[in-house]
Each structure stands twice: as C-alpha cells, then as structure tokens.
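Novice: One structure is given below, represented as structure tokens, and several questions about it will come after.
The values are calculated or read from the model by the stated rules, or taken from the named source; none is laboratory data. Here the structure is a predicted model, which is why all the values come from computation and not from measurement. Positions of Cβ are backbone-derived with ideal geometry, glycine not excepted, and every protein chain shown enters the neighbour counts. Note: areas computed on protein heavy atoms with side chains; ligands, DNA, RNA excluded. Shrake-Rupley method; radii C 1.70, N 1.55, O 1.52, S 1.80 Å.
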Amino acid sequence: MGDASEEQQADVVIDDDHDEKLEPAEEASVGRAPRLRAVVDVLVVLAGGALIGLAALQQPYNQNEWVQVEPYGSDLRSAVSGTRQPPLDPLLGALVQRLVGVGQLEQRLVPLACGVGTLALVAVLVRRWRLGWGGTLGLVFLATAPLFVRYSAYARPYALPLFLMVACATVGTRWLETGRYRWLLLATALAAALPLARVPEPSVFLTTAAVALFAAGVVERWPLTRAWALCGALLLGLVTSGTLMLLALLSQSATSQGESLVDPLGVVDRFGPALTAARQTVLPLYAEWFPWWPLTLAVVGLALVVGSTRRMLARSWWWLPLVAGTLVFLVAFLLVVPEGLRDYRVRFAYFLTPAVAVVVAVVAHWGLSRPVWLRLPVLGLVAALVVSQLSLTRSVLTQDEAVDFRRAGSVLAAEVPDDALVVLDGPGAVGSWRQAFIGRSRGYLPADTQVVTANQLTRTRLQDLPRTAPVYLLVMDAACTSNVACTDPPDPAWDGEVAGYRVVSRMPHLVLYEPTSDETGLNGVLAAMTALVDAYGPAEAVPNAIVVARILDRRQRDDEAEAVLDRVCSAQPSEEEREVCDTVAKRRLRSSLRAPDAVSGKKVRRSPA
C-alpha cells in the first residue's frame, strides 16, 4: 500500500502535456535552497500570527462577539448552551478563559491560535505540492489578506472550523500518500469535530470532499481502498455529529419574535431578489475585502485557463470542497433566508481565503517555471495582487471596526459627573435595532454611571428617571447605530452639531456631549431628545420623538405630543415605513406596559423601533 510509485503519483499532481508539465526538475531549478524556503515559510507564518495578534488587540469587541464570550464565565454547560452555537468553540473558549483569565486578547486566543495553525497547515500543503517559491508567495498572500487577518481574530466560530477543514485536508492527504492508519483515524476524528464547530460550510466541505474522493478512487487517481476509506470517514462524521448539529440548528432558527430564519418553501419567489442582493450586496463586499478585483479576476482566470494549473486544482480532493463550502452557503443563504431577515456578512467568505491563497501559489509557481518574457508579467501580477490588499490590512490593524465601549467607559469615568444620566443614541431608520452599551459586567462602565438608550427610554417608567441628574449625550455614528460592524452609510442630514450641547470628547464612532443649560431630570431628557430630533432630522429620530411625546403626554400636552409623532412619521421615505412608525409610536405612547427600570441596570427587552 505504501510503495514508492504510489507515493510519487500521489505527491505530484501534474499535467500530462509536455509543454505544460510542472516537472520536479523545473521546481529544483526555480528554488535551489529548500532549507531557505522552509525558513522563509516559518517567518511568514510568524509574521501572519503577529498581524492576527495585533488585530485581536486593536479591534474592540462588537455586539456579536460580546454575546459569544459573555457566558464563558458560567459553568461549562451554561457557557456552551448560552451562545446558541455548536459546542466546540464555546467549550474551548470557556476552558481558555479559566486558564488565562478575562481580556480582549485572552478571549480571542482560540481563533488566534487557529488562524496561525491554518497558516502553518497551508504551508505544509503547498510544500507537499512542490510549489517552491510559488508556495511561499501564496503563503504571503494569505498571511496579509485582510479578511483572513480580521476574522482569525474574531471571537466567533470561524477560525476554528476553517482550521479543522484545512487540518482534515492535510491529514487526509497524508493517509492517501502513506496508507498509515493513524492518519485515517485522525481524519475521522477531525471530520466528526467539524460540525461541532460550525454547521453550514463544514457540512458542504465534508459532502463534496467525499464525492471527490469516491471519484478519485474510481479513476484510480488515488489507490481505491485508501480513497474510499477516507470517503467513508468523512461521511461518518457528517452523518453522526453533522446530523445532530443540523437538527439543533434548525430548532434554533427563529428570531426573538418567533419568525423563522429559514423558509425553504419560498425559494422560487426569492430567486429574483436573491440575484439583486448578490449584485448589490455580495459582489461589492467581495470586491472590497479581496484584493483589487481586476487583479483577483486575472489571477483566478489565469489559474483556470492554463492547463497545468487548472488540472492541479481540479485533481486536488480538498481544494474545490473549500470553495464549495462558501459558495453553497451563499446560494442557500440568499434563497432560503427570507429577504427581510437577510444580512449577508463578508465574514462568511472567510472560508475562501486558503483556497484563493492556493490559487496564487499555483499561478506563481507556474510563472516561475516559464521563460523570462512570461515569468516577469506573471510575477508582477501576483506581486500587485498582494500589494493591493495591504491598505485594507492596515485599516484592519489601525481603525476600529466597531464601537470601542471599553474606551468609552474610561472617557465617561473621567468626564461625566457621578450623578449624571448618559443617553446613548445615534441616527437610524425606523424599525431598526439600536445598539446598547455593552460590557457593563466586564467593568467597561463605572458602577455608578447611568447609561440608557433612547430605545429604552421609550419603555422606561418616566417617574423612575433621576430627578436632578444632568443629561449627557453619547452619540454614535449612523454607521454603527443599527450595525455592530459600523458599515452602514452615514447620515447625510446631520453635521454633528446638537443645539444646547457642546462636545466634551471625540472617539472613533462616538462623540460625548454635555449640556449647556441647567435642565436636569425629566426636563433634561425632554431637551436632549428634542435637540436630537432636530439634529438627526425627523426620519432618523423616531425613538427620540417617542420619548418627547411620552413626556409631553404625561404633562397633558396631548396635541403637542401628536404633532411630534406626526412630524417624524410623515417624514419617513416610504409608505411601509410610515405605517411602521405610526404603529410603533402609538403603541409606545399609549401602552401601559410596566417595563423594568433600564437606568438601574436591569435587563430591558430589545425593541424594533
């Protein structure tokens, strides 16, 4: 099973045409110092790990990450069940927290280690393909890819499942090459672990890889018994833990309002809107986060046009499954998830990054084996591809993608009186979720500091507000108000000025204002919300107007309250939004709901307004 001829056949996948072959002799002529390449590869992996570590330190938690890490301090069972995720990632996160403690870097150690591990395994895979310095160039591409750097430092289950997929590819390849059963057993364990880390992409990976291995055994690309044994191992993991996790995922596929996130019966009706969403949302995201799109298309196109590179990719049992995981999830997401709940994020494309790096490595290796007149343009194209992504990688390391509530808490502690009430707010469309202050339990917010959102003020009992507290404003960018990633468009109607308030501190995505008048308590809240309605423009200030109307209504100024609500609702850009505004405003204004006191720090249910 392990004779030299089989290992040679397995180890080098080349074209049969003489003029396109990637011969071992050509590889030796391109790189005469394999030890030097090995050292450079190690340095690239370490440099990539350093970039991921910097991203983990620099990027503040967003709301999604906070939901993931908040239960880690509980017992292990609660830590796993509290995240609504497959168990492996929160289990590892909770164990690491018990070992190293709490902190932004500490709680990102699991994805960080997995990102570095993925880099190292890709280095092993391209080395097994004998890609020489071309493999090193592909590794450099991956180590500096902004999408890879950012989401290898993201405390959600992305880096872990990708690492397991690449590990499965590495270990499975070793089984096919050597026939040693320890590699098959390890591949079986990895296949079983994959759905326990994440369901969609790993399930597609296991399915398509099993199909590829079955076909490879039939055509004798690999020894049939080895290929089919690995195929069975992958299917075993898919059928066992994959089925359990799929059932658990479907049981949780509902919003907090009970609306299903999955509706397979409406696929036909959503086909047209899905194409529109792909064109207007997905493609621009890909164009933004991958290298300059003409260069990306040129490199991918070259890999598909050249016979040897195309066949090398096609004959790999794991490369196409890596690509298929992202693409199948994209199509399913656009067709199965109802349009009103659809919110495709670029982090879903994170699983493509090793596959693109392999394409870069294969093209670079092919270019290095060509004559000088062809070698230089190909290498120039690869170099331009790598360079074109560095500016976004720099932004990942230097610019906050989310609101830094830890820094905001420090500013509030230094600038705001202990008896003040701080209203966290920002312009946003009617019906959109509004971000609240996160990290109170982490100590981001001083214990005596009272922070409440405008949304919470629409439900809070007005008599519970502090009567003599000065009212400060902590205003978010419109890009962040309803989006944890601060990627929404800015508010064109607002210049950052708020009448009756002056700027105390400017932070990334946040501005702290203090009042210039002596109004306090309920009068201060009324003045603040009225000023924000005027500052944002009525279309972006529905919760603020509802608070104003509630206070006016409490003071028996019914006509003024109705006028405020009519103003903001009539300013909505569509009939549907006007109806939503009118419904929400009347419900909040007239409801006798006895909500918990949001100012005291008790939990307040989120509102759609």
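Novice: Leaving ligands, DNA and RNA out of it, rank Trp183, Trp373, Trp366 by accessible area with a 1.4 Å probe, largest first.
Specialist: Trp373, Trp183, Trp366
Novice: Within 10 Å, count the other beta carbons around each residue, average over each peptide in 145-154, 464-473, and list them highest first.
Specialist: The densest-packed peptide leads the list: 145-154, 464-473.
Novice: Now for a different question. Over the stretch 21-152, what is the mean sequence separation of C-alpha contacts under 8 Å (at least six apart), divided by residue count, expressed as relative contact order in percent?
Specialist: It rounds to 36 percent for the stretch 21-152.
Novice: Sticking with this structure for a sec: Between helix 132-144 and the chain, what is the angle of the helix's C-alpha long axis to the longest principal axis, kept within 0 to 90° and rounded to the nearest 10?
Specialist: Between the helix axis and the principal axis of the chain, the angle is about 10 degrees.
Novice: What is the helix-to-structure angle for 558-570, meaning the angle in degrees between its Cα long axis and the longest Cα principal axis of the chain, kept from 0 to 90 and rounded to the nearest 10?
Specialist: Helix 558-570 and the main axis of the chain meet at about 30 degrees.
Novice: Which is farthest toward the positive dipole end of the stretch 75-176 among Ser152, Val96, Thr170, measuring Cα position about the Cα centre, with Cβ charges +1 (Lys, Arg) and -1 (Asp, Glu)?
Specialist: Projecting each Cα onto the dipole axis, the largest value belongs to Thr170.
Novice: Continuing with this model, one more query. At a threshold of 8 angstrom on Cα-Cα distance, excluding pairs fewer than six apart, so keeping six or more, what relative contact order does the stretch 191-255 reach in percent?
Specialist: That works out to 45 percent.
Novice: Still on this structure, I have one more. If you compute Cα extents along the principal axes in Å for the structure shown, which of (i) 91, 50, 48; (ii) 82, 57, 51; (iii) 78, 60, 49 do you land on?
Specialist: Of the labelled values, this structure produces (i).
Novice: What order, most packed first, do the peptides 563-571, 220-228, 94-102 have when packing is the mean number of other Cβ atoms within 10 Å of each residue?
Specialist: Output ranking for 563-571, 220-228, 94-102: 563-571, 220-228, 94-102.
Novice: What does the C-alpha gyration tensor say about the overall shape of the stretch 326-425? Classify as rounded when a/c is under 1.5, otherwise prolate if a/b is larger than b/c, or oblate.
Specialist: Taking the square roots of the gyration eigenvalues as a ≥ b ≥ c, the stretch 326-425 is oblate.
Novice: Let me ask something else about it. Please work through the chain and write down the cysteines that have no neighbouring cysteine Cβ at a distance under 4.7 Å.
Specialist: Lone cysteines by the Cβ rule: Cys114, Cys168, Cys231.
Novice: Tell me whether the stretch 176-251 comes out rounded, prolate or oblate; compute the Cα gyration tensor, take square roots of the eigenvalues as a ≥ b ≥ c, and use a/c under 1.5 as the rounded threshold.
Specialist: Since a/c reaches 1.5 and a/b is larger than b/c, the shape of the stretch 176-251 is classed as prolate.
Novice: With the Cα gyration tensor of the stretch 522-579 giving a ≥ b ≥ c as the square roots of its eigenvalues, does the rule (a/c under 1.5 for rounded; else a/b larger than b/c for prolate; else oblate) give rounded, prolate or oblate?
Specialist: Note, shape of the stretch 522-579 comes out oblate.
Novice: In what sequence, highest mean first, do 477-486, 123-132, 272-281, 549-558 appear when ranked by Cβ atoms within 10 angstrom?
Specialist: Taking the mean over residues of other Cβ atoms within 10 Å, the ranking is 123-132, 477-486, 549-558, 272-281.
Novice: In whole angstrom, note down how far apart the Cα centers of the stretch 117-191 and the stretch 360-411 are.
Specialist: What the calculation gives is 19 Å, centre to centre.
Novice: Sequence gap at least 6, Cα distance under 8 Å: using those rules, report the relative contact order of the chain to the nearest whole percent.
Specialist: Relative contact order of the chain: 14 percent.
Novice: Could you give the dipole magnitude of the chain about its Cα centre, charging the beta-carbon of Lys and Arg +1 and that of Asp and Glu -1, in debye to the nearest 20?
Specialist: It works out to roughly 1500 debye.
Novice: Leaving ligands, DNA and RNA out of it, work out the accessible area of Tyr181 with a 1.4 Å probe and give it in Å² to the nearest 10.
Specialist: So the heavy atoms of Tyr181 present about 140 Å² to solvent.
Novice: Roughly what % of DSSP beta bridges within the chain run antiparallel, to the nearest 5?
Specialist: Rounded to the nearest five, the antiparallel share is 55 percent.
Novice: Now for a different question. What is the Cα centroid distance between the stretch 430-500 and the stretch 76-104, reported in whole angstrom?
Specialist: Cα centroid of the stretch 430-500 versus Cα centroid of the stretch 76-104: 29 Å apart.
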